[in-house]
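K.L.:
My questions will all concern the structure given below.
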Amino acid sequence: MAKIIALNWKLNPATEKEARRLALLSDKKGVVLFAPSIFLGSIAEKTTKAALGAQNIFWEQRGAFTGEISASMVKSVGAEWILVGHSERRKYFGETDEVVAKKLEAAARAGLKIILCVGEPWSIRKKGVEEAKKFVARQLKSVPRNVSLIVAYEPVWAIGTGKSDVPEESAAMTKFIKGITGARVLYGGSVQGENILRFLDRQEIDGVLIGGASVNKTELKKIFNQVQRSHLTSQNRNRELRRFQA
Ligand code: PGA
């Protein structure tokens, strides 16, 4: 299965015009673009290859909840994906595992494809990978039964810091998460053009979730160049294998 390149724009860019321009640069197969919801409808008109997603939803479908948006609203403007449980939502907006569980249920009911973010803070990771696994396992308990999703492993200390995880350690965490959930697992946290292949080329890791670098045009170009290289390498590898087996 092809690897996923998920782009999380966060609170960027400043205008709809810029959003449309950025979306064109990222409009490639295998890309899932998590844009601010207010731009999604407009971006949907511009993109043909990338899939679109929202960064947040409320768990109710309708009613007196000023300022919120629902899963079905997201779908109605042409987006199919949703991010749930991002560490910035947990940290700045007080989202607990209970809130995460409600959002997962609402998203699944509406038929959105879900990426659930999990990951430990540095205070835990500094005690070792085993402690980090326990933390992540607890976060995964919020996944309601019968909700299928993709998990993004994003160590909190690696997000926006320029300090990505050691690929061997995130690959080990990936395996651990797969063991619990059976889900596909992405890595996120300071992925850039310079280090993307260290994660993408690991067989256990099913893709990447990229924040800061996804709204930087120079980085974005580097990222797609590297992804292209990685496709070619894996095509060659498969060709070699077929020749060997023939
Ligand atoms: P970053 O963010 O790539 O800027 O570290 C990743 C994320 O928050 O998903």
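The values are calculated or read from the model by the stated rules, or taken from the named source; none is laboratory data. Keep in mind that this is a model prediction, so the values were computed, not measured. So basically every Cβ, Gly included, is an ideal-geometry build from the backbone, and we count neighbours across all protein chains shown. Note: accessible area is taken over every heavy atom of the protein model, side chains too, but ligands, DNA and RNA are not part of it. Shrake-Rupley method; radii C 1.70, N 1.55, O 1.52, S 1.80 Å.
K.L.:
So which trypsin sites (Lys or Arg not before Pro) in the stretch 104-150 pass both tests, a DSSP loop state and at most 14 other Cβ atoms within 10 Å of the Cβ? Write down the numbers at each step before the final one.
P.N.:
Working: sites: ARG109, LYS113, ARG125, LYS126, LYS127, LYS133, LYS134, ARG138, LYS141, ARG145; in loops: LYS126, LYS127, LYS141, ARG145.
Here the trypsin sites (Lys or Arg not before Pro) that fit, given the DSSP loop and packing criteria, are LYS126, LYS127, LYS141, ARG145.
K.L.:
Treating only the Cβ atoms of Lys and Arg (+1) and Asp and Glu (-1) as charged, compute the dipole magnitude of the stretch 4-245 about its Cα centre; round to the nearest 20 debye. Could the numbers behind the result be given before it?
P.N.:
Values: 39 positive and 25 negative charges, 117 e Å.
So the dipole magnitude of the stretch 4-245 works out to roughly 560 debye.
K.L.:
Looking at the square roots a ≥ b ≥ c of the eigenvalues of the Cα gyration tensor of the chain, which shape do they give, rounded for a/c under 1.5, prolate if a/b is larger than b/c, or oblate?
P.N.:
Working: a/c = 1.56, a/b = 1.15, b/c = 1.36.
Verdict is oblate for the chain.
K.L.:
If you average the sequence gap of Cα pairs under 8 Å that are 6 or more apart and divide by the length of the chain, what percent do you get for the contact order? Walk me through the intermediate numbers first.
P.N.:
Details: 440 pairs, mean separation 40.4, N = 246.
Across the chain, relative contact order equals 16 percent.
K.L.:
How high is the relative contact order of the stretch 1-143, in percent, with contacts defined as C-alpha pairs under 8 Å that are six or more residues apart? Write down the numbers at each step before the final one.
P.N.:
Details: 217 pairs, mean separation 25.0, N = 143.
About 17 percent, as a whole number.
K.L.:
Just in the stretch 1-89: which trypsin sites (Lys or Arg not before Pro) are loop by DSSP and have at most 13 other Cβ atoms within 10 Å?
P.N.:
Working: sites: LYS3, LYS10, LYS17, ARG20, ARG21, LYS28, LYS29, LYS46, LYS49, ARG62, LYS75, ARG89; in loops: LYS3, LYS10, LYS28, LYS29, LYS49, ARG62.
The qualifying sites are LYS29, LYS49, ARG62.
K.L.:
Let me ask something else. Express the carbon and sulfur contribution to the solvent-accessible surface of the chain as a percent, rounded to the nearest whole number, probe 1.4 angstrom.
P.N.:
With neighbouring chains kept in place, the figure for the chain is 52 percent.
K.L.:
Going 7 Å from the Cα of LYS91 toward and past its Cβ, which residues in the stretch 195-226 have a backbone nitrogen under 20 Å from where you end up?
P.N.:
Inside the label zone: 209-216.
K.L.:
Under a 10 Å cutoff between Cα atoms, tell me which one of ASN195, ASN12, ASN236 has the largest fluctuation in the Gaussian network model of the chain.
P.N.:
ASN236
K.L.:
Ignoring ligands, DNA and RNA, what accessible area per residue does the stretch 85-139 give at 1.4 Å, in Å²? Don't jump to the answer; show the numbers that get you there.
P.N.:
On the way: 2730 Å² over 55 residues.
Accessible area per residue, the stretch 85-139: 50 Å².
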